[in-house]
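Notes follow once the structure below has been shown.
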Amino acid sequence: MKIFKNIVILTGAGISAESGLSTFRSENGLWNNHRVEDVATIEAFKRNPAYVHDFYNDLKKEILQAKPNAAHLAITQFQKEYPAEIAVITQNVDLLHEKAGNSNVYHIHGQIDQAVCLNCGQTVGASGDIDTETVCPNCGVIGMMKPNIVFFGENLLCMDKVDELLRRCDLFLSVGTSGVVFPAAAFVQTAKYHGAATYEFNMEPTSNNFYFDHHIMGPAGTTLPAFVEEMIRSLKSGD
Ligand code: BJW
């Protein structure tokens, strides 16, 4: 197998499913009982911040208790044992990559344990509840703190770095994402355009699978460790 030098792993909710966290678009998914328009858009937050805060305060408790699974741990092994620069671009707001010991993690859709002040723009740690009375520790303004989660209609985070990583990677892995939310859904296209080999790990075919050279079907907690083992084995054996 070719030896890769710059690897990007894009992850979505499916990589955390085996840690007990709901995905978004499955039956009984995360937004079950909630309309996306009520909890996941910037307009919804401006219209009814208390409702959105309640939703994410509850979700935060569940997410902070979750533990990484074999797929997250396989990335740690990959980063330790394979001689490439390996970056993780995650759409997930959970912290399971960090809990598993992954490095070079970029949270393009934010982090559940942070809040951002809509008055001064400062991002701060927020592992407890936030609400419409929360005071910004930076500027002191009350009631302008938003969970640091990128809602529909907001710009993604770390995009300059992400763009650089996508243009320079020679291997692109997409793990557990349905590929329906942009711009993340188009990352594979950028990576492929710049010459990367592309792999998709999912339970089922996805709508943007045209750009993937390889499809590895099954639970990421099984398929990703097997892939990593094979990459490390072929490196050692020179196959
Ligand atoms: C397993 C598994 C196992 C299960 N093993 N696999 C271009 C075209 C059309 C629209 C747009 C466009 N560009 C921008 C847009 C608008 C919009 C968008 O994409 N809309 C589409 C839905 C049509 N995008 C935006 O607004 C983005 N901002 C932006 O582009 O800014 C510039 C701009 C602004 C204004 C106008 C125009 C441009 C922001 C997107 C933010 C997304 N935020 C959310 C979080 C909401 C809050 C919350 O947490 O509740 O991020 S939405 C939600 O979806 C969340 C996720 O990160 C994201 C992706 O979901 P993901 O991770 O793929 O989960 P699922 O559930 O969809 O899929 C799970 C997969 O796992 C499935 O395939 C399973 O099979 C698989 N799986 N178990 C392996 N064990």
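Restricting the count to DSSP beta bridges whose residues both fall in the range 105-239, what percent are antiparallel, rounded to a multiple of 5? Don't jump to the answer; show the numbers that get you there.
Working: 8 of 17 bridges.
So the antiparallel bridges amount to about 45 percent of the total.
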Between the range 128-165 and the range 192-216, what is the separation of their alpha carbon centroids in Å?
31
Report, by chain and number, residues whose modeled amide H sits under 5 Å from the one on I86, excluding near sequence neighbours (fewer than 5 apart, same chain).
I7
Rounded to the nearest whole number, the Stokes-Einstein translational diffusion coefficient of the range 161-239 at 4 °C and 1.567 mPa s (Kirkwood radius, C-alpha pairs) in µm²/s is 98
From the backbone phi of the range 183-197, what are the Karplus-calculated ³J(HN,Hα) couplings (6.51 cos²θ - 1.76 cosθ + 1.60, θ = phi - 60°) in whole Hz, Gly and Pro given as x?
x, 4, 4, 9, 4, 4, 5, 4, 4, 5, 4, 8, x, 6, 6
Report the equivalent ellipsoid semi-axes for the range 193-239 in whole Å, largest first, defined as the square roots of five times the eigenvalues of the gyration tensor built from alpha carbon atoms.
22, 16, 6
Extension reserve of the K80-R35 stretch, reckoned as 0.36 nm per residue once the Cα distance is removed
12.1 nm
Number of Lys pairs in the range 6-112 with C-alpha atoms less than 18 angstrom apart, excluding same-chain neighbours closer than eight positions?
4
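Within the chain, what's the longest run with no trypsin sites (Lys or Arg not before Pro) in a DSSP loop and at most 10 other beta-carbon atoms within 10 Å? Give the range, please.
Numbers: sites that count: K2, R35.
Free of exposed loop sites, the longest segment is 36-239.
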So, counting K/R as plus one and D/E as minus one, what does the shell of residues with Cβ under 12 Å around V124 add up to?
0
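Given 0.36 nm per residue, what is the gain on full extension from H215 to K99 after removing their alpha carbon distance, in nm?
Numbers: separation 116, 0.36 × 116 = 41.76 nm, distance 2.72 nm.
That pair, H215 and K99, stretches by 39.0 nm at full extension.
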Each residue of the range 117-133 in order: what ³J(HN,Hα) in whole Hz does its phi give by Karplus 6.51 cos²θ - 1.76 cosθ + 1.60, θ = phi - 60°, with x for Gly and Pro?
8, 6, 7, 10, x, 6, 9, 10, x, 8, 7, x, 5, 10, 8, 6, 9
Express in nm, to one decimal, how much length is gained between E164 and S207 on full extension, taking 0.36 nm for each residue of separation and deducting their alpha carbon distance.
13.0 nm
Return the unpartnered cysteines for the chain, using a Cβ-Cβ cut-off of under 4.7 Å.
C158, C169
Net charge of Cβ neighbours under 13 Å - reference L224; Lys, Arg +1; Asp, Glu -1:
-4
Once phi is turned into ³J(HN,Hα) by the Karplus curve 6.51 cos²θ - 1.76 cosθ + 1.60 with θ = phi - 60°, what whole-Hz value does each residue of the range 75-81 show in order, with x for glycine and proline?
5, 4, 4, 4, 5, 7, 10
Using DSSP, restrict attention to beta bridges with both residues in the range 87-152 and report what percent are antiparallel, rounded to the nearest 5.
75
Listed by chain and number, the residues whose amide H is under 5 Å from that of Q114, excluding neighbours fewer than 5 places away on the same chain and using placed H, are A126, N148
Scattering profile of the chain at q = 0.11, 0.13 Å⁻¹ [log10 I(q)/I(0), Debye over alpha-carbon scatterers]
-0.58, -0.79
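Taking every DSSP beta bridge that has both residues in the chain, what percent is antiparallel when rounded to the nearest 5?
Working: 8 of 32 bridges.
Here the share of antiparallel DSSP bridges comes out near 25 percent.
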Pop a pseudo-label 7 angstrom from the Cα along the beta-carbon direction at both I3 and T132 and give the gap in nm to one decimal.
6.0
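Just so you know, all these numbers are worked out from the coordinates, no wet-lab data involved. All values reported here derive from a predicted model rather than from experimental measurement. A quick note on method: Cβ atoms are made from the backbone with ideal geometry, for glycine too, and the neighbour counts reach across all protein chains shown.
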